[in-house]
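The values are calculated or read from the model by the stated rules, or taken from the named source; none is laboratory data. Given the structure is predicted, the values throughout are model-derived calculations rather than measurements. Glycine also receives a Cβ, built like all others from the backbone with ideal geometry; neighbour counts cover every protein chain displayed. Heavy atoms of the whole protein, side chains included, go into the accessibility calculation; ligands, DNA and RNA do not. Shrake-Rupley method; radii C 1.70, N 1.55, O 1.52, S 1.80 Å.
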Amino acid sequence: MLNEQAPKGRKERREQTLRTLAQHTHRRTVIILALLALLAVTAPAQDWIRTGTGLGVEKVRIAASDFKPATQDPKNTDLLKTFNDTLFNDLDNAGIFDLVSKSFYPLQVPGQPTELNTKDWNSPPPNASMLAFGNLGVTADKVTVQGWLYDVKSSTTSPQVLGKQYNDNATSDAVRVIAHKFADEIIFRLGGGIPGIAESKIYFVSNRSGTKEIWVMDYDGANQHAITHLGSISLSPRISPDGSRLAFSSIVKSGWEIMMYSFDLNRIVSFPHFGGMNLSPSWSPDGSKLALSSSRNGYPNIFVMDASGGNSHRLTSGQGPDVSPAWNRKTGAQIAFVSGRTGLPQIYTMEADGTNVQRLTDQGYAVSPNWAPNGQFLTFSWMRKYGPGEPGSNDLYLMDIASKQWVQLTHDAGRNDSPCWSPDGRHIVFQSHRTGTDQIFSMLADGTNVKQLTFTGNNSQPNWSWK
């Protein structure tokens, strides 16, 4: 009897177990379906930023073989390394390519079109669609670089997409510039006709010399050097749209005043002093006007004036304070700014004549607005939860101005501030305290591919050139 009941008991337990598993499976299925539904709702929030920043299209799979020496000059070795490293880095930073790892490249690389075997590159493991290749040679302290871009999957008789030759002095700096130029040509051809940023500059504040001065570097962090040597405190560098002038704020005898540096003359040129605190200059897209924050009448308000400092007039008139104006870089018809008129700082926009003031952020502590080149997006630093006991942190956000939809770009990585768009609208440079000191980083405009650009001293308030 016991022997007959034991199998029956095991059967009942097995059936109960199966029923329990079925119930759990059903619950998991419901949860998974709910998560999928949630993802289906939230996914467009990411889609619109990717489309808006030119990152929504399928990335081109490209290989960039090391250029080959074209002469026997001993300088070739060092210059080739500089060129190859720079070109590969530029294409990797572009944000529009799936760059093939060099570990997948064939042993024999072409130096000119007659040496190219497309099957070596369009088949696995490279499986590339495009190939950049060429040669570099030094003769009598002059360097010549020949570069090509080929569609290696093309079935036509004309796979060449690009062919360029460059000549310059045989120096590392000159070769870096040539690599930047060739990379920008490739990016322009394959990136929807948007110019590349490899030749652009980033201006910033650094204290590495002992006082806060204005510095500049290449977009990838190379060639960092000081522009000012005032021995004071200088902040908020803003390069003009044509790259000829740099406006910034510095402490002088009369207080915080706007200073103007001319790159044509390589020196500071005269600019009117207004008294009070004058901070955060911002250029209009045509370079004809400056907006800034000034307390000349008491409270800091937003003023607009000619690029020479004349015809100044006030746009805001409250007891803000109103600071950090930023011009819409596409239309010039709007100015974003920060105001404390309701208590904590919030982001506002207004027309360029001061009318139609709109509040964009609805809580927390929001500062440092900066317009995307397409005039559609605004990026800024936002501590959404602020106050005693709140676990908030300064992160970077991106907002679509028309819909006021926003996405968070940085997460749990210290204090992040002063975002600024690249001229191609695909990248953002910013300052962050994530390493324990203020340093400058760049990232793609969707928050990925973060790269540290500065390492010495404290560095802040980056401003990307317009082109």
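Details
- Solvent accessible area, Å² - Arg426, 1.4 Å probe, full protein context: 10 Å²
- Matching label, log10 I(q)/I(0) by the Debye sum over Cα atoms at q = 0.06, 0.07, 0.09, 0.10 Å⁻¹ computed from the structure shown, candidates [x] -0.41, -0.55, -0.82, -0.95; [y] -0.36, -0.47, -0.70, -0.82; [z] -0.64, -0.74, -0.92, -1.01: [y]
- Surface per residue (accessible, 1.4 Å probe) for the range 323-467, Å²: 38 Å²
- Only lysines eight or more places from Lys253 in sequence, or on another chain, were considered; those with a Cα closer than 21 Å are Lys212.
- Surface listing: Glu199, Glu213 arranged by accessible area from highest to lowest gives Glu199, Glu213, probe 1.4 Å.
- Fraction of accessible area attributable to carbon and sulfur, the range 100-183 (%, probe 1.4 Å): 49 percent
- Two-decimal Rg/Rh across the range 333-423, once Rg and the Kirkwood Rh are taken from alpha-carbon atoms: 0.96
- Annotation: lysines with alpha-carbon distance below 25 angstrom to Lys404 (same-chain offsets under eight excluded): Lys330, Lys385.
- Alpha carbon convex hull of the range 87-167, volume per residue in cubic angstrom: 116 Å³
- Förster-model FRET efficiency, 35 Å R0, His273 and Asn356, C-beta, rounded to 0.05: 0.65
- Within straight-line reach of Lys59, meaning a Cα separation under 16 Å, sit the following lysines at least 8 residues removed in sequence or on another chain: Lys153.
- In units of the rule-of-thumb radius 2.2 N^0.38 Å, the range 172-331 shows an alpha carbon radius of gyration of 1.16.
- Flagged links, alpha-carbon separation over 25 Å, of Lys181/Lys201; Lys164/Lys467; Lys102/Lys201: Lys102/Lys201
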